[in-house]
1. Sort all Cα-Cα distances of segment 162-214 into consecutive 10 angstrom bins from zero, then give the percent of pairs in each bin up to the one containing the longest distance.
2. Looking at this model, which pairs from LYS191/LYS252; LYS149/LYS220; LYS37/LYS64; LYS84/LYS115 are more than 20 angstrom apart at the alpha-carbon?
3. List every residue whose amide H lies under 5 Å from the amide H of LYS71, counting only residues 5 or more places away in sequence or on a different chain, with H placed 1.01 Å from N in the peptide plane.
4. Report the Stokes-Einstein translational diffusion coefficient (µm² s⁻¹, integer) for segment 33-86, Rh taken as the Kirkwood radius over Cα pairs, at 25 °C with viscosity 0.890 mPa s.
5. From the P(r) of segment 144-279, can you give the percent of Cα pairs sitting at distances over 23 Å?
6. Sum up the charges of everything whose Cβ sits under 13 Å from the Cβ of LYS131, counting Lys and Arg as +1 and Asp and Glu as -1, but leave LYS131 out.
7. Go through segment 224-230 residue by residue and turn each phi into a ³J(HN,Hα) via Karplus (6.51, -1.76, 1.60, θ = phi - 60°); whole Hz please, and just put x for glycine and proline.
8. What is segment 144-279's relative contact order, in percent, from Cα pairs under 8 angstrom and six or more apart in sequence?
Amino acid sequence: MIKKSMFAVLAATGLALTACGGGGASAGAANGSGGDKITMGFAQVGAESGWRTANTKSVQESAKEAGVDLKFSDAQQKQENQIKAIRSFVQQKVDVIAFSPVVESGWDTVLKEAKDAKIPVILTDRAVDSKDTSLYKTFLGSDFVAEGKKAGEWLVEQSKSSEPVNIVEIQGTTGSAPANDRKQGFEDAIKDDPDLKIVASQSGDFTRSGGKQVMEAFLKNNPDIDVVFAHNDDEGLGAIEAIEAAGKVPGKDIKIITIDAVKDGMTALSNGKINFIVECNPLLGDQLMDLAKKVVAGQDVPQRVVTEETTFTMEQAKQVLSSRQY
Ligand code: AHR
């Protein structure tokens, strides 16, 4: 059963968009070695989502602008491919390695190899769960727990009447930092409302096809779904296809909350097919190049650089859609 009153009033959340990609120092100034070209090995997760495509573009464009020689590798969402790429960067003696870990665990050995070769490592977008923080210089990226929390808080805010709300969760890649953290943040936010129940939870691997498949199975096994919490826009967009194929109206019969705010997601939010999006900003390129130059020059950098982000209701999405870059 859907709470009729639940979505009547949409909470107005902060609209200010924060430009996180706006690095700062120019190439020459940031690079303590006097502007010499540095070589960066970058091991990307893959091309699983609109967010990832925007992130790759940002890194490649920023490297070009900053005069950084970028060696780019696409791991196709496989940890063993990323490990191979990092080993090859070590062999090539690059100046700095940056990577966005597919999953959180299992990195100590290869990171130790980079450390022994005196090549600094920057974590970008996703974290590792290693206890040895000396294995990397800094971690640049979003606070994924906060993202999940914002999604859950919005739902709590909309659910003022005392009727049960059945939630299905489409998780991101199993074992990845954003899947682990967004799940935790969302659960924390809804735990004190006894009406909000996660009735099913499964991974859609951060892809549109994964989201569609998982949602098809959810619809078969759960006749009474009120809300989908998808860990990214692509999964939410896949879920929309499954909901429509089942003869239901996404955004009305079943409410949808996602994370990312890429253009396709924002379009669906503007059209009322998604109800709320928490932003995850992929434009990390400029900040990454800035940090890389400092690290190579032996300068101090903060251990953690958190990306600032906002949230979007339908009205807010409509206002920014035409100027959305990605
Ligand atoms: O790590 C960031 C997440 O990975 C984004 O939310 C998702 O779209 C991507 O695939």
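Each value in this text was obtained by applying a stated rule to the coordinates, not by laboratory testing. All values reported here derive from a predicted model rather than from experimental measurement. Every residue, glycine as well, gets a Cβ built from its backbone with ideal geometry; the counts of neighbours run over all protein chains shown.
1. Cα pair-distance distribution for segment 162-214, in percent: 25, 48, 25, 3.
2. Details: LYS191/LYS252 24 Å; LYS149/LYS220 28 Å; LYS37/LYS64 11 Å; LYS84/LYS115 16 Å.
Long pairs (Cα-Cα over 20 Å): LYS191/LYS252; LYS149/LYS220.
3. Amide H to amide H, under 5 Å and 5 or more residues apart or across chains, LYS71 pairs with MET40, GLY41, PHE42.
4. Numbers: Rh = 11.9 Å.
The estimated diffusion coefficient comes to 206 µm²/s.
5. That fraction is 21 percent.
6. On the way: positive: LYS112; negative: GLU104, ASP108, ASP129, ASP132.
Surrounding charge for LYS131 is -3.
7. Once θ is set to phi - 60°, the couplings for segment 224-230 become 10, 8, 9, 9, 10, 10, 9 Hz.
8. Details: 295 pairs, mean separation 33.7, N = 136.
It rounds to 25 percent for segment 144-279.
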